[in-house]
Amino acid sequence: MSGRLSVVGIGPGGPDQLTGEARDAIAGARQFFGYAPYLDRLELEAGQVRHGSDNHQELARASAALDMAAEGHDVAMISGGDPGVFAMAAAVCEAIENGPPHWRALDVVIVPGITAMLAVAARVGAPLGHDFCALSLSDNLKPWTIIEKRLEACAGAGLVLALYNPVSKARPWQLGRAFEILRRVLAPETLVIFGRAVGRPEERIRIAPLREADASLADMATCVIIGSTETRLIDRPGRPPLVYSPRSSPRPSK
Ligand code: SAH
């Protein structure tokens, strides 16, 4: 079978955050699938065909792309950030696992990208400098009770948390509820970073202590990083502060 499906991460924002490998994969593909606003970020040439789709249609989109690759086309599935982080690479794997046997013989390539939490972290310093985890606050694909358990367990274990999908029109209360849960396990001065639309013209970074963290500071283009008890802020004259998580944790006293 000669077709190929490349699942390509295009980074969080502008073309300067696209890797060389992603650029090559895009140049080599002819048929482009993905959420329409991601496809809008590409400068496609004549002969490169768009198949834009709405959000929440991941499996149908993956299946359509696999069908086209099985017909022998060079197909790219475009994801924002990294395709393996709350994005299309897992949807493509699910479709292959549950789909017709001939999809398993296809050439499938996953091309990584800069994921949102790394771009946000880089703007403020090194808040992910020690152990951390990433959680999606979306309860579209998992029950909210699991999200609450994970928030409490991960924050309680001293991990820095990167929260993806913090709010949307259909999910207006989840981030506020997450802050309530985190206030039970973390000190009020724990640092919270709101990184919105990083790498795009409408980028905005806010840093607040957990006691003042307000869900209205986030929208669906925001990645929220919650520090651990060890995450610190360095004030600097005439420059924005640096936020970082030290590389070492204190040893427990015997
Ligand atoms: N695959 C993507 C994540 C998709 S989930 C990645 O690796 O980044 C969508 C969520 O990603 C958004 O709700 C937001 O939390 C985050 N996000 C995507 N782009 C962002 C950006 N430019 N700045 C901040 N957060 C972003």
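The values are calculated or read from the model by the stated rules, or taken from the named source; none is laboratory data. Values in this document were obtained by computation on a predicted structure and should not be read as measured data. So basically every Cβ, Gly included, is an ideal-geometry build from the backbone, and we count neighbours across all protein chains shown.
Things worth noting here:
- Qualifying residue in the range 192-211 (condition: in contact with a helix residue (DSSP H, G or I) (Cβ under 7 Å, 6 or more places away or on another chain), assigned to a loop (DSSP other than H, G, I, E, B) and more than 9 Å from the ligand (Cβ to nearest atom)): no
- Residue check, residue 151 touching a Gly at 6+ places or on another chain (Cβ under 9 Å), part of a helix (DSSP H, G or I) and at pLDDT 95 or above: no
- Every residue from the range 46-76 that is in a helix (DSSP H, G or I), without any contact (Cβ under 8 Å) to a residue 40 or more places away in the chain and more than 12 Å from residue 31 (Cα to Cα): 58, 59, 60, 61, 62, 63
- Residue 121 fulfils the conditions (1) out of contact with any Phe, Trp or Tyr (no Cβ under 6 Å at 6 or more places or on another chain); (2) surrounded by fewer than 19 Cβ atoms within 10 Å (Cβ to Cβ) except for a single criterion, (2).
- The range 1-31 - residue that is of a type outside the set (A, V, I, L, M) and in a helix (DSSP H, G or I) and, of those, nearest to the ligand (Cβ to nearest atom): 17
- Residue list for the range 121-148, restricted to those being in a helix (DSSP H, G or I) and either among the β-branched types (Val, Ile, Thr) or under 17 Å from residue 195 (Cα atoms) (or both): 121, 122, 123, 124, 145, 146, 147
- Sub-9 Å Cβ pairs linking a first residue in the range 82-96 that is without any contact (Cβ under 8 Å) to a residue 40 or more places away in the chain to a second residue that is part of a loop (DSSP other than H, G, I, E, B) and more than 9 Å from the ligand (Cβ to nearest atom), at least 6 apart or interchain, are 96/106, ordered by first then second residue.
- Counting only residues that are farther than 27 Å from residue 206 by Cα and not in a loop (DSSP other than H, G, I, E, B), the range 105-120 holds 6 of them.
- Scanning the range 106-146 for residues that are under 20 Å from residue 171 (Cβ atoms) and touching a Pro at 6+ places or on another chain (Cβ under 6 Å), we see that the one that is farthest from the ligand (Cβ to nearest atom) is 137.
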